[in-house]
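The values are calculated or read from the model by the stated rules, or taken from the named source; none is laboratory data. Because the structure is predicted, anything quoted here is derived from the model rather than measured. Here Cβ is always computed from backbone atoms with ideal geometry, including for glycine, and neighbour counts include all displayed protein chains. These accessible areas exclude ligands, DNA and RNA; they are computed on the full protein's heavy atoms, side chains included. Shrake-Rupley method; radii C 1.70, N 1.55, O 1.52, S 1.80 Å.
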Amino acid sequence: AIWVAYHLTEKELRGTARRSDDFRVDTELANGSASLLDYRNSGFDRGHLAPAGDMKWSLSAMSHSFLLSNISPQLKIFNSGSWLDLENAIRTFVRKSFRSVYIVVGPLVEGKSKTIGENKIVVPKYYWKVVYDYQGNDITAYLLPHDETTTDFKDHVVTVDRLEMLTGLNFFSALPDGLENSLESIPIAE
């Protein structure tokens, strides 16, 4: 996936759907999908873009989070380190504030990149996440290097404007221009 977007509420986090681990091909993609064989012996985790931990609100949502279209190759130390810490921090914020957020997340590929598997799944150099707390009128963007260093995700806050420049995407373009411009130019740390 180039990006994945979803809405997360405190009520959804109280859901009881258990992690399914039913990783599988997304048969709805017209141009094909990664396969489980692409990840076998690759040295990479099948890393979620929209995390399973955010999908407890329904069995269907949980199951859909394991489609390979929501999965990207991640180093184990990254997936279980700074990336997981960021996912947990967002969940903690939503639980404690009783506010909901919109999240857009994706990989960033730069230059010539390593690939895995027969389907040549690209290994990103970075992963990014944008969190929009519309009730608090805050947007925070993160750009984490996908490497074997263990860094604090808080050290990787960037402006949304910078992330838009790097990805070529326009996040939250439906906001009124004045609000969008003011929110996207200032990094706000959680």
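For region 18-55, filtering for residues that are part of a loop (DSSP other than H, G, I, E, B) and either over 16 Å from the mean Cα position of the chain (by Cα) or free of Cβ contacts under 8 Å to residues at least 24 places away in the same chain (or both) leaves 22. Residue pairs whose Cβ atoms lie under 8 Å apart, separated by 6 or more positions or on different chains, with the first residue in region 82-95 and at negative phi and the second of a type in the set (Ser, Thr, Tyr) and surrounded by fewer than 19 Cβ atoms within 10 Å (Cβ to Cβ), are Ser82/Thr150; Ser82/Thr151; Val94/Thr9; Val94/Ser100. Evaluate region 59-69: report whether one residue or more is closer than 25 Å to Met165 by Cα and under 13 Å from the mean Cα position of the chain (by Cα). Yes, some residue in region 59-69 is closer than 25 Å to Met165 by Cα and under 13 Å from the mean Cα position of the chain (by Cα).
Residues checked against (1) part of a strand (DSSP E or B); (2) crowded, with 17+ Cβ neighbours inside 10 Å; (3) touching a helix residue (DSSP H, G or I) at 6+ places or on another chain (Cβ under 8 Å):
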position: Pro73; (1), (2), (3): yes, yes, yes
position: Phe78; (1), (2), (3): no, yes, no
position: Asp85; (1), (2), (3): no, no, yes
position: Thr92; (1), (2), (3): no, no, no
position: Arg99; (1), (2), (3): no, no, yes
position: Ile103; (1), (2), (3): yes, yes, yes
position: Gly106; (1), (2), (3): yes, yes, yes
position: Lys112; (1), (2), (3): no, no, no
position: Pro124; (1), (2), (3): no, yes, no
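For region 134-158, give me the residue count where each residue is outside any strand (DSSP E or B) and farther than 24 Å from Ser173 by Cβ. Number of matching residues: 10. For first residues located in region 121-134 and at pLDDT 95 or above, partners that are among the polar types (S, T, N, Q) and crowded, with 22+ Cβ neighbours inside 10 Å and lie 6+ apart or on another chain with Cβ distances below 6 Å form the pairs Val131/Thr140. Among residues of region 158-173 being at pLDDT 90 or above and of a type in the set (S, T, N, Q), the one that is nearest to Val130 (Cα to Cα) is Thr159. All conditions but one from (1) open to solvent by 20 Å² or more (accessible area, probe 1.4 Å); (2) under 28 Å from Leu169 (Cα atoms); (3) among the aromatic types (Phe, Trp, Tyr) apply to Trp57; the one that does not is (2). Residues in region 60-70 that are open to solvent by 10 Å² or more (accessible area, probe 1.4 Å) and touching a Leu at 6+ places or on another chain (Cβ under 8 Å): Ser69, Asn70.
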